[in-house]
Amino acid sequence: MDSLFSLFNKTYKASEYTFFKAKGCVILPNDEDLILDEECKFSIISLGDKIETAMKNAEYQKSCDILLEEINSLKPISPQNFIMLMNRLAIYLEQFIEKISKNGIYIEPLNLNLIFTTFKFCEKESEVIEVFYDIFDSITRSIKEAKNYSYTEMIQTVVALVEERYADPIFCSDTVVDEVKLSLRHLNSIFKQHMLTSVSDYILGYRLTKACELLINTNYTVKIISEKVGFVNNSHFNYVFKKQYGVTPQTYRLQKHNVE
C-alpha cells in the first residue's frame, strides 16, 4: 500500500494536469461545465463545439476568431483560471483529433504534456493563444488536404459515370447525386470549383462532344446519333446542338467533311 507521502506526491503531480471545482473535486472529461470560482463560469464544451465545427470546414481564421472572442468574453479572468481553461481546451482538441482520425483523416496527435508544460512558461496570454493558433493551423491544413483528396476522387467518380452512362437517356445529374450521396447543391458547388461547370452542363457537353465525333466519323443519321448520345427528342438535340455550335448537326457534318 502506498504511504501517505507517496499518495500526496502522486496527487500533487496529477493536479498539474487535472482540473478541480474545489478541493478533492475532480472535473472529469465529460463534465458539461467547468466552474473554478465565481469569477469564471465557462462551458468548455460549447467553445470546443464551435471550434470543432469551424475546423471540420477547414476554417483556420474562424477557429482563431472564436477562441479570441470567447476569451475576451471571460475577462477579467485570473491567470490560473485562464491556464486551466486552456489545458481543458487542449484535451478537448485531442479528443477531436482522435475522433476524426477514425474517419480516415490522419493528424499528428497532440503532446498534451508538452503543451501543458509550455503553458507554464508562457508569460503572456498571447503566447498561450499562439500555441492554439499553431494547433488550429495543423488540424485545418490536414482536414483541407483530406477534403481536396476526397473531392478529387469524387470528381473522378462523376466523370467516370458520365463516360460510362451518357448514352442512357434517363442518366442525369439526379443519377449522379444518388451515386455520390451528396445533395445536388453541394455536388455542384464542389464540381464547379474544379471543373468550372455544373454537373448537368458537363453531362450535356459530353453528349454533344460524342455527337460531334459520330457526325464526323460515321454515316449515322442525325436522329440515330441523337439517340446514341442519350437524347430522347431529336428536335431538342438539334436545338441544344445549334445553341452550342452555332449550326445544325447536319451543317456541322458538312462543314467538317468539306474541310477534310
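The values are calculated or read from the model by the stated rules, or taken from the named source; none is laboratory data. Worth saying up front: this structure is predicted, and the values here are computed from it rather than measured. Here Cβ is always computed from backbone atoms with ideal geometry, including for glycine, and neighbour counts include all displayed protein chains.
Taking segment 175-226 as the range and being in contact with a helix residue (DSSP H, G or I) (Cβ under 6 Å, 6 or more places away or on another chain), small (Gly, Ala, Ser) and not in a loop (DSSP other than H, G, I, E, B) as the test, the residues that pass are Ser200, Ala211, Ser226.
A quick yes/no check of all residues on (1) small (Gly, Ala, Ser); (2) surrounded by 14 or more Cβ atoms within 10 Å (Cβ to Cβ); (3) modelled with pLDDT under 90; (4) on the phi < 0 side of the Ramachandran plot:
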| site | (1), (2), (3), (4) |
| --- | --- |
| Ser150 | yes, no, yes, yes |
| Glu153 | no, no, yes, yes |
| Tyr166 | no, yes, no, yes |
| Gln250 | no, no, no, yes |
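Condition check ((1) under 30 Å from Asn57 (Cβ atoms); (2) surrounded by 13 or more Cβ atoms within 10 Å (Cβ to Cβ)) across all residues:
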residue: Ala160; (1), (2): yes, no
residue: Gln193; (1), (2): yes, no
residue: Ser198; (1), (2): yes, yes
residue: Gly205; (1), (2): no, yes
residue: Leu214; (1), (2): no, yes
residue: Gly230; (1), (2): no, yes
residue: Val240; (1), (2): no, yes
residue: Gln244; (1), (2): no, yes
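Pairs are defined by a Cβ separation below 8 Å, a sequence spacing of at least 6 or placement on different chains, a first member in segment 116-131 that is in the same structural domain as Glu70 (by TED's automatic domain parsing) and charged (D, E, K, R), and a second member that is surrounded by 13 or more Cβ atoms within 10 Å (Cβ to Cβ) and assigned to a helix (DSSP H, G or I); the pairs so defined are Lys120/Ile83; Glu125/Ile71; Glu125/Phe82. All told, Thr175 meets the bar of being in the same structural domain as Ile224 (by TED's automatic domain parsing) and surrounded by fewer than 18 Cβ atoms within 10 Å (Cβ to Cβ). The single residue among Ser126, Ser138, Ser142 that is within 19 Å of Lys62 (Cα to Cα), of a type in the set (Ser, Thr, Tyr) and at pLDDT below 80 turns out to be Ser142. Among the residues making up segment 52-95, none is part of a helix (DSSP H, G or I), β-branched (Val, Ile, Thr) and modelled with pLDDT under 75. Answer yes or no as to whether Leu254 is assigned to a helix (DSSP H, G or I), of a type in the set (A, V, I, L, M) and more than 19 Å from Glu163 (Cβ to Cβ). In short, yes. One residue stands out in segment 181-191 among those that are among the hydrophobic types (A, V, I, L, M, F, W, C) and surrounded by 18 or more Cβ atoms within 10 Å (Cβ to Cβ): the one that is modelled with the lowest pLDDT, namely Ile190. Check segment 173-188 and report whether any residue there is among the small types (Gly, Ala, Ser), more than 30 Å from Ser101 (Cα to Cα) and more than 38 Å from the chain's Cα centre (by Cα). Looking for residues that are among the small types (Gly, Ala, Ser), more than 30 Å from Ser101 (Cα to Cα) and more than 38 Å from the chain's Cα centre (by Cα), one finds none in segment 173-188, hence no.
Just a yes or no: is a residue in segment 240-249 assigned to a helix (DSSP H, G or I), in contact with a Gly (Cβ under 7 Å, 6 or more places away or on another chain) and closer than 25 Å to Val158 by Cβ? Within segment 240-249, none of the residues are assigned to a helix (DSSP H, G or I), in contact with a Gly (Cβ under 7 Å, 6 or more places away or on another chain) and closer than 25 Å to Val158 by Cβ.
Farther than 17 Å from Val131 by Cβ, at pLDDT below 50, in the same structural domain as Thr140 (by TED's automatic domain parsing) and surrounded by fewer than 18 Cβ atoms within 10 Å (Cβ to Cβ): does that describe Glu98? It is false that Glu98 is farther than 17 Å from Val131 by Cβ, at pLDDT below 50, in the same structural domain as Thr140 (by TED's automatic domain parsing) and surrounded by fewer than 18 Cβ atoms within 10 Å (Cβ to Cβ).
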